Amino acid sequence: MSDRFTITVDGREIPAAPGQTILAAAQASGIYIPRLCHMDGIEPVGACRVCTVRANGRVVAACTQPATASMVVQSQTDELVSWRRQLVEMLFVEGNHFCMFCEKSGSCELQGLAYRLGIAAPRYESIWPRREVDASHPDIILDRNRCILCGRCERTSRDLDGKHVFGFVGRGIHKRLAVNARARLADTGADVTDLAIGACPVGAILRKNRAYRTPVGDRPFDREPIGAPVETRAELTINGGPAS
Amino acid sequence: MVSPQGKRRIEISPVTRVEGHGKVTIHLDEDNRVTQARLHIVEFRGFERFIQGRPFWEMPVAVQRLCGICPVSHHLCAAKAVDHIVGGENLTPTAEKMRRLMHYGQMFQSHSLHFFHLASPDLLFGFDADPATRNVVGIIRSNKPLAYQAIMMRKFGQEVIRATAGKKIHGTGAIPGGINKNLSVAERDALLAELETMKKWSREAVELARRYTLDNLEEVGRFASFDSSYMSIIRSDGAMDLYNGGLRAIDRDGKTIFDHVPNERYLDYIAEGVRDWSYMKFPFFTSIGEEDGWYRVGPLARVNACDFIDTPGAEAARKEFKSLTGGKPNHMTMAYHWARMIEVLHSIEAIEKLLADPDLQGTDLVASGPRRREGVGIIEAPRGTLFHHYRVGDDDLVTMCNLIVSTTSNNEAMNRSVRRVAEDCLSGAAEITEGMLNRIEVAIRAYDPCLSCATHALGRMPLIAELVSADGRVIDRKVKES
Ligand code: SF4
Ligand code: FES
């Protein structure tokens, strides 16, 4: 591997390989860069900007930006942390998120990031949009109230399940998760065993009637904060949560 | 509101900063005799709409937002209802016992809180004591051990809830058809370490309430009191059962009105009347009719209605309670407090029995069976019988929800108690005295009404009293913080 090189992330020198993204290189060395729209195993698209870092001074998405030799990356600066905080807060107010009784509580990456970033209550006003619940499928429920439009389901269905179950309609604030059928999830080829069902970082795509099976205290982010597995045992992790 | 012709009206209004509030109006005729007394509670019905279109498995967790005071009761009651949806109503032994443990913990902490923080100042200092000392701060000053016990008993109940629901408030323990955790040996032993102390204090609390009743029998016997029917759920053998059972109703003489009514048939036996002056409904027994079919629920109803209690200390206390009225129902409104403490003792004895049961360490947690489209759950919440009823579409989303909360069942009775007090205190007097205000507050408090549950208001009751003359002028006004 003679073509390997090093970069520095927040002052730490770490190895990287050509074509490797900043996020992947950091993760391989136990450095967690927050992310939402990216997950290991699918193509990064740079949609949510939560992974924003400065690389040689330039603002880039760490999930898509390839590392280059001697690159100097800043991630945990006050400026960047504050941007991430604002992005996460905006995601909260753009949807209808009721963490207090949401079944994804404790394993939701959005909530997990909010805690990690020290967000107590959003400072922006909630929009409370009207969004549809699609419970037509016998085993899967789609609750658009919680969708953060990260596109993980779309890419997972397309690239890993080979199905194209999910997509989007509309633009900007009117953008919505859509299914590849006239109207309902039941009319698509979606199956409860699809990887796309587990790809959702929030509680927008869920297996039916599996809620609250894990007691409070034992849920992934009760045990350790999001990202901690990357920092403590990098090789085991998928997307900042515990590998399981 | 326009006063009825030729009548004066006194208004007593709890002031709250959130939606929903209560108000007492007392109507007087020209000679200052009470013609009518009404407790107005604005019922918060938004919840039933809010959860329509949500998946049924969210109910046990979502409904806890209904009430800041007894979320655990709503949690368990909704779980009992959705058990039927998943065909899991025959719970595994571990699930049923974990839920019961949670429920007794809730009963224990809620009753302890009410008795020591809210009611004991009334009982220990008397209704007419200076409000500046007739409060929980007064108890702390004058009776340190009692104040300490109150805090520790509440804490113990909350620890039971935490061990069963995962959190002290808004836990997730009960899930459709079961429970999501068992009790670890460490959790069990931590609770066992406190048990003897809790039992001792519970016995002392029963004694305090009993002594109070007997020492003040003349006043207690008539204060805010009247004959009534009673309702609660009951075990198949007639034992008090706070968690599960058919519905039993008895009349003022203790005779059966209906018994062991299966939960899903409650609508055949109970209907809810509406009156133009109140947002809160007035439930009644359909066999008797709206006029006379009202009833009381809660501790007094349960101790009156059961044939026995299956734990020794509470059963002995119940016998003493019943002997005071010769085995007939006890209709004294202030006896709610005594009955409440008997239930505290029963709860801790039931907790003791459960903690000794190895089923709590079992691992078979969830049951299921044939899917249904409808489920009714009924439980005895601290304040009385609580109903949750859901209908669910084939897509698992809730299409209908009906809740009857305990405070609603006691609506008519609370009105009558207020009227009784008003008649005793007010007739012939045209002004609002401190004593009258106090007594109305004490009477309402005996029922431990959960205004929060029925109205989403806080469970506090600062009062404003206004005396309004027939032509609508405010001729007297008193404010009472609490
Ligand atoms: S449903 Fe989930 S995975 Fe799909 S876009 Fe929305 S948040 Fe992302
Ligand atoms: S994780 Fe990089 S942009 Fe979303």
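Residue by residue through the range A:7-41, note down the ones that are polar (S, T, N, Q) and either free of Cβ contacts under 8 Å to residues at least 12 places away in the same chain or surrounded by 14 or more Cβ atoms within 10 Å (Cβ to Cβ) (or both). Across the range A:7-41, the qualifying residues are A:20, A:21, A:27, A:29.
Restricting attention to the range B:181-210, the residues that are modelled with pLDDT under 90 and surrounded by fewer than 19 Cβ atoms within 10 Å (Cβ to Cβ) add up to 0. If you go through the range A:120-132 and keep only what is over 21 Å from the mean Cα position of the chain (by Cα) and of a type in the set (A, V, I, L, M, F, W, C), you end up with A:127, A:128. If you go through the range B:87-126 and keep only what is surrounded by fewer than 24 Cβ atoms within 10 Å (Cβ to Cβ) and outside any helix (DSSP H, G or I), you end up with B:87, B:88, B:89, B:90, B:92, B:126.
For the range A:28-62, give me each residue that is within 14 Å of ligand 1 (Cβ to nearest atom) and touching a Leu at 6+ places or on another chain (Cβ under 6 Å). Result: A:48, A:50.
Looking only at the range A:133-146, residues that are out of contact with any strand residue (DSSP E or B) (no Cβ under 8 Å at 6 or more places or on another chain) and either at the interface with chain B (Cβ under 10 Å from one of its Cβ atoms) or more than 20 Å from residue A:103 (Cβ to Cβ) (or both) come to 3 in all.
Residues checked against (1) more than 22 Å from residue A:95 (Cβ to Cβ); (2) away from ligand 1 (no atom under 13 Å from the Cβ); (3) exposed (fewer than 14 other Cβ atoms within 10 Å of the Cβ):
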site	(1), (2), (3)
A:151	no, no, no
A:154	no, no, no
A:162	yes, yes, yes
A:191	yes, yes, no
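The single residue among A:70, A:107, A:126, A:136 that is crowded, with 18+ Cβ neighbours inside 10 Å and away from ligand 1 (no atom under 14 Å from the Cβ) turns out to be A:136. Against the definition (within 14 Å of chain A (Cβ to nearest Cβ) and surrounded by 14 or more Cβ atoms within 10 Å (Cβ to Cβ)), how does residue B:254 come out, yes or no? No. Taken together, the criteria place residue A:57 among residues that are free of Cβ contacts under 8 Å to residues at least 40 places away in the same chain and more than 15 Å from ligand 2 (Cβ to nearest atom).
The set of residues in the range A:75-104 being surrounded by 13 or more Cβ atoms within 10 Å (Cβ to Cβ), free of Cβ contacts under 8 Å to residues at least 12 places away in the same chain and not in a helix (DSSP H, G or I) consists of A:98, A:101. Taken over the range A:138-158, the criterion of being away from ligand 2 (no atom under 16 Å from the Cβ) and touching a residue at least 60 places away in the same chain (Cβ under 8 Å) is satisfied by A:138, A:139, A:140, A:141, A:142, A:143, A:144.
Assessment of the range A:78-85 against the conditions (aliphatic (A, V, I, L, M) and near ligand 2 (Cβ under 10 Å from one of its atoms)) yields no matching residue.
The values are calculated or read from the model by the stated rules, or taken from the named source; none is laboratory data. Keep in mind the model is a prediction, meaning the values are calculated, not measured. Heads up, the Cβs are rebuilt from the backbone with ideal geometry, glycines too, and the neighbour counts pull from every protein chain shown.
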